[in-house]
Structure formats: structure tokens, C-alpha cells
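> Pasting a structure here, questions to come.
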Amino acid sequence: QKEVEQNSGPLSVPEGAIASLNCTYSDRVSQSFFWYRQYSGKSPELIMSIYSNGDKEDGRFTAQLNKASQYVSLLIRDSQPSDSATYLCAAKNAGKSTFGDGTTLTVKP
Amino acid sequence: KAGVTQTPRYLIKTRGQQVTLSCSPISGHRSVSWYQQTPGQGLQFLFEYFSETQRNKGNFPGRFSGRQFSNSRSEMNVSTLELGDSALYLCASSLVSGSTGELFFGEGSRLTVL
């Protein structure tokens, strides 16, 4: 079992729809959770960080964390073609970030 | 504010050679982490340095090593290169070490081993 697992893609949504990305982690000592976006041929860039249970909203993005279920999610509202990328979920503990394999999202105009 | 700078961006080596990659973190960031990204294995943690000390290490053989200088710049070295070392090597800086701290990635060094 991988330490961080993401829902298998690819995920395709129409423009303006909500995209839902999910992630589970196995290491209960993980304390911080992050979503990174990686465009093809580029390096990952941070979208959201979440440290405590509940929801965290930033513009069109909402991250959700449930430590009891070891579950992290990212909702993208009003999806745009520019959101088309691979989204990486990461769990961090003691300086080490463990990444999932990523979910590739395509937003169709 | 300048981002994370990695050099060289591309390099080609042959099996058995060694390579040194360099990373300059964002000004003020003292934590530097290194990751290997391949299509088959994804992003894998190599090591983290903070204040010139290695704080954490991933599951890579001893051929992979690194160091950090007093100005927070970091280098990683891979000796006795193997074909499987072909990958994108990403450096990420963070303001803090430990279990918090967001990562800011450089553009990466793409290594091809022939």
C-alpha cells in the first residue's frame, strides 16, 4: 500500500463544473497536508495547505481534511481550462513530504 | 523575490560517472529538500537539509548524497550513475523544517544517463 493514495484518473470535467480530487494517507503521524499542481513539463506549485480538521477555502479552491478517516480532498469550483494539470497530494512529517502519484485533471471548454 | 534556482537544467551523463546538482533556495528559506521524479515512481523524497544539517533521508542508496552550505545553498551528488538514475531532480525550499512548511520547487535538473 502506498503511503499516500490518490483517486485514479484521469478526471475530466466540463468548464464551470466542480472538480473533486481525493487522497488518503496511511501514516497517522503526518501533521500537514498539501495540494500541489503540476503542469506538463513544469515543476509542482503549491495550491493549498491544510493542517487541522475541517475545510479551508481559498478562492475557487477548498481543501478538506479528516484526520480520523485519514482523508484529504480538494474541490475546484467553476473549473477553467487553465486548471487542466496533474494535482499532487502530499502528507508531511519531520521534514519529509510524501506525495501521491497525482490525479490528472482535464477541463473541457 | 527570486524563486528557487537549480543548475544545471539539463545534463547527460554515462553510466559510472558522477554528477553534482546545485540549488539556491528562496532568500530567507533555510530548509532545502531534494526529490526525484520519474514516470514510474512519481515524486520521491531524497533528503532534507536545514542549517547545514541533514534532518531526514529517504530510501535511496548511499550513492545519493547532499550537503548544505552556510548560505543555505545546497548540492546533491550522485556517484556511479546507473541508467535508472535518469530522472527529474527537484529541489524545494521551505521557510521552516519539521512537519509544517510549504515547499517551493525549483524548475528541476533533468538528468539523462546513457
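The numbers here are math on the coordinates, done by the rules we state, and not lab data. These figures come from a predicted structure and were not determined experimentally. Note: ideal-geometry Cβ built from the backbone for every residue, glycine included; neighbour counts use all protein chains shown.
> Filter the range B:26-41 for residues that are closer than 24 Å to B:S79 by Cβ and crowded, with 16+ Cβ neighbours inside 10 Å and give the result.
Across the range B:26-41, the qualifying residues are B:V32, B:S33, B:W34, B:Y35, B:Q36, B:Q37.
> Counting only residues that are of a type in the set (S, T, N, Q) and under 14 Å from the mean Cα position of the chain (by Cα), which one in the range B:42-58 is nearest to B:S74 (Cα to Cα)?
Our first condition is that a residue be of a type in the set (S, T, N, Q); within the range B:42-58, this holds for B:44, B:51, B:53-54, B:56.
Narrowing the set further to residues that are under 14 Å from the mean Cα position of the chain (by Cα) leaves B:44, B:54, B:56.
Values: B:Q44: 18, B:Q54: 11, B:N56: 15 Å.
Among residues in the range B:42-58 that are of a type in the set (S, T, N, Q) and under 14 Å from the mean Cα position of the chain (by Cα), the one nearest to B:S74 (Cα to Cα) is B:Q54.
> Looking at the range A:100-109, which of the residues that are of a type outside the set (D, E) and either part of a loop (DSSP other than H, G, I, E, B) or on the phi > 0 side of the Ramachandran plot (or both) is farthest from the chain's Cα centre (by Cα)? Reasoning before the result, please.
Within the range A:100-109, the subset of a type outside the set (D, E) is A:100, A:102-109.
Pick out the ones that are also either part of a loop (DSSP other than H, G, I, E, B) or on the phi > 0 side of the Ramachandran plot (or both) and you get A:100, A:102, A:109.
Numbers: A:G100: 9, A:G102: 8, A:P109: 22 Å.
Only one residue tops the list, namely A:P109.
> Next question, about the same structure. Look through B:F45, B:F69, B:F64, B:F60 and report the one residue that is at the interface with another protein chain (Cβ under 9 Å from one of its Cβ atoms) and aromatic (F, W, Y). Before the answer, list the steps.
Details: B:F69 fails: at the interface with another protein chain (Cβ under 9 Å from one of its Cβ atoms); B:F64 fails: at the interface with another protein chain (Cβ under 9 Å from one of its Cβ atoms); B:F60 fails: at the interface with another protein chain (Cβ under 9 Å from one of its Cβ atoms).
One residue alone meets the criteria, B:F45.
> If you don't mind, another one. Out of the range A:85-99, which residues are surrounded by fewer than 24 Cβ atoms within 10 Å (Cβ to Cβ) and either away from chain B (no Cβ under 11 Å) or assigned to a loop (DSSP other than H, G, I, E, B) (or both)?
Of everything in the range A:85-99, those that are surrounded by fewer than 24 Cβ atoms within 10 Å (Cβ to Cβ) and either away from chain B (no Cβ under 11 Å) or assigned to a loop (DSSP other than H, G, I, E, B) (or both) turn out to be A:A85, A:A94, A:G95.
> When you scan the range A:1-84 for strands (runs of 3 or more DSSP E) that lie fully inside it, which ones turn up with 2 or more residues that are free of Cβ contacts under 8 Å to residues at least 24 places away in the same chain and surrounded by fewer than 19 Cβ atoms within 10 Å (Cβ to Cβ)?
Values: elements: A:4-6, A:11-14, A:19-25, A:32-38, A:45-50, A:54-58, A:61-66, A:71-76.
Where strands (runs of 3 or more DSSP E) fall fully within the range A:1-84 and carry at least 2 residues being free of Cβ contacts under 8 Å to residues at least 24 places away in the same chain and surrounded by fewer than 19 Cβ atoms within 10 Å (Cβ to Cβ), they are A:45-50, A:54-58, A:61-66.
> Find the residue count for the range B:48-84, including only residues that are of a type in the set (D, E, K, R) and crowded, with 21+ Cβ neighbours inside 10 Å. Can you show your working first?
Here is the first cut: in the range B:48-84, the residues of a type in the set (D, E, K, R) are B:48, B:52, B:55, B:57, B:63, B:67, B:73, B:75, B:82.
Next cut, crowded, with 21+ Cβ neighbours inside 10 Å only: B:48.
Residues meeting the conditions: 1.
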